[in-house]
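Participant: So that we are looking at the same thing, I have put the structure below in structure tokens.
The values are calculated or read from the model by the stated rules, or taken from the named source; none is laboratory data. Please read all numbers here as calculations on a predicted model, not as lab measurements. Note: ideal-geometry Cβ built from the backbone for every residue, glycine included; neighbour counts use all protein chains shown.
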């Protein structure tokens, strides 16, 4: 049943729902998914019971428009890019970069490289699309931050922000800028030239860069450490490596107490035939048949397993078929299991416990409190509290949760990387990003194609791809797009603009432009930068024609108003839905909605103050 109500009622309902939604996201009393689905439910139910009739007779709050955000091309592109990024992680494609920075001798060098990366992203974003730039830079910044002992969550938002700041400087720096220029042509004005606003854009970008790089990281919360708090990266496991014929380890020589090919593995004993060798191993060369016993962190053992899988995996009785080992590697996961006090394996040696035969598990290492064990893993007798680092198929690890002999430690289960697929992943990634940057394919088409190819070529499986697509991001963005559509259709955006632009303080071009910038900067975080560009450019041009006031410079008032829309619409810093790059860094930084408000609001205010100086001393308003 339909009920006719005044139009203002619909507008006020949407505005109130928007306010409550933002408060709910910030307070985080309810999960993001619950709030997002609640927004859809309220809008759909309200639009059905109280339809809002547009000029063409269509319901402005119909289900098709409200749910359109779920299939938004930009949102789907972000999800596909997350899948491509996960493929790079799963194949360990960027190991050569991370290894280089991890072994940097002096941290200041890595910090300099980190700042240089930000500068490079900001400069390049003036000429190419921001999204592929940030996709490429995320793993590099993660590696640099780790090598500099800086939390990733302190650097991911700054990475997104510098890309947005660089996009303010040229017409092609952002799709927002192009939309404003094309809208001016529709209204009968000349289009903006390539470098039409490069000087004020560079001033705003420079001021914002100082805040983003030097100030913002100091008060960002360390979300990554909180997320990883349950899993320790510092504890070491006793591990055993068997050097088989044809192994890449053959011929490796010990220099300065370390075998370079084994990373940070601390070799404590080497068995060659019936002879046991103890440190030091200076100038010792590894040969086929050697058994190396040492200690290393889980991270280091994972790297070794990825590079030399045959060193850990049990021997096969029959010759394996071609590609079998690679498939086994793709299907296996790493996990930590603890021996319980009531385990039937207590006092048994690892060899006698026969976990490989009973459960199909390969023991990669043993961690026993602070004690060092100098013996082959097979001869170590298990004790209560021993933690075993094991490799096995996922369903086997999951089945251990019902086993009283072992406890699978929470958060310890991880997929094994598949470095054999790294060349494929790198080739697909670079090809897709290049085609998107050159405009051969649109970003949504390129991203979806790349994600499908990554799965089809085995760079990651469908389960890993689905896990990479963060449902929180998906529902959050889709629900806020629904709110934006409802605000636009019911006149909420126009109402806000009319109220702010008719405040008593807005009686000069300077005050009107300053207020207009702030208005667009606020709404671009609730709607989208493109929507704000399309919506406010006609309003800006209309205001410029109405005022008819000459400036103390060669700039026309219509040009200044158009540039104001561009700069304001690019201030999408205070919400994750403000811009695609904010969404891309939300997962790697483990951010919450409130993190963007805390980081972005001061930047918007800083740019607003800087813009007012530009109005006075550059534009002559």
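Participant: Could you go through the stretch 265-283 and let me know if any residue there is assigned to a loop (DSSP other than H, G, I, E, B) and within 27 Å of residue 335 (Cα to Cα).
Facilitator: Applying the first criterion (assigned to a loop (DSSP other than H, G, I, E, B)) to the stretch 265-283 yields 265, 273-274, 278-283.
Next, from what is left, pick out any that are within 27 Å of residue 335 (Cα to Cα): 265.
For the stretch 265-283, residues assigned to a loop (DSSP other than H, G, I, E, B) and within 27 Å of residue 335 (Cα to Cα): present.
Participant: Failed condition for residue 210, given (1) within 21 Å of residue 366 (Cβ to Cβ); (2) assigned to a helix (DSSP H, G or I); (3) at pLDDT 75 or above, with all others met?
Facilitator: Condition not satisfied by residue 210: (1).
Participant: Can you go through 534, 577, 496 and tell me which one is modelled with pLDDT under 75, over 21 Å from residue 617 (Cβ atoms) and surrounded by 24 or more Cβ atoms within 10 Å (Cβ to Cβ)? Can you show your working first?
Facilitator: Working: 534 fails: surrounded by 24 or more Cβ atoms within 10 Å (Cβ to Cβ); 496 fails: surrounded by 24 or more Cβ atoms within 10 Å (Cβ to Cβ).
Just one listed residue meets the conditions, 577.
Participant: Considering only residues that are surrounded by fewer than 24 Cβ atoms within 10 Å (Cβ to Cβ) and touching a residue at least 60 places away in the same chain (Cβ under 8 Å), which ones fall in the stretch 153-170? Explain how you work it out, then say what you get.
Facilitator: Filtering the stretch 153-170 for residues surrounded by fewer than 24 Cβ atoms within 10 Å (Cβ to Cβ) gives 153-154, 170.
Once the filter is applied, which keeps residues that are surrounded by fewer than 24 Cβ atoms within 10 Å (Cβ to Cβ) and touching a residue at least 60 places away in the same chain (Cβ under 8 Å), the stretch 153-170 yields 153, 154.
Participant: Mind checking which residues of the stretch 257-292 are crowded, with 17+ Cβ neighbours inside 10 Å, more than 43 Å from the chain's Cα centre (by Cα) and within 16 Å of residue 377 (Cβ to Cβ)?
Facilitator: Correct list: 271 only.
Let's see how each residue does on (1) part of a loop (DSSP other than H, G, I, E, B); (2) at pLDDT below 80; (3) buried (at least 16 other Cβ atoms within 10 Å of the Cβ):
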site: 346; (1), (2), (3): yes, no, yes
site: 356; (1), (2), (3): no, yes, yes
site: 364; (1), (2), (3): no, yes, yes
site: 372; (1), (2), (3): yes, yes, no
site: 383; (1), (2), (3): yes, no, yes
site: 400; (1), (2), (3): no, yes, yes
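Participant: Then there is this: Going by the structure shown, is residue 539 surrounded by fewer than 24 Cβ atoms within 10 Å (Cβ to Cβ), in a helix (DSSP H, G or I), modelled with pLDDT under 85 and over 29 Å from the mean Cα position of the chain (by Cα)? Break it down into steps so the answer makes sense when it comes.
Facilitator: Details: surrounded by fewer than 24 Cβ atoms within 10 Å (Cβ to Cβ): yes; in a helix (DSSP H, G or I): yes; modelled with pLDDT under 85: yes; over 29 Å from the mean Cα position of the chain (by Cα): yes.
Judged against the criteria, residue 539 is a match.
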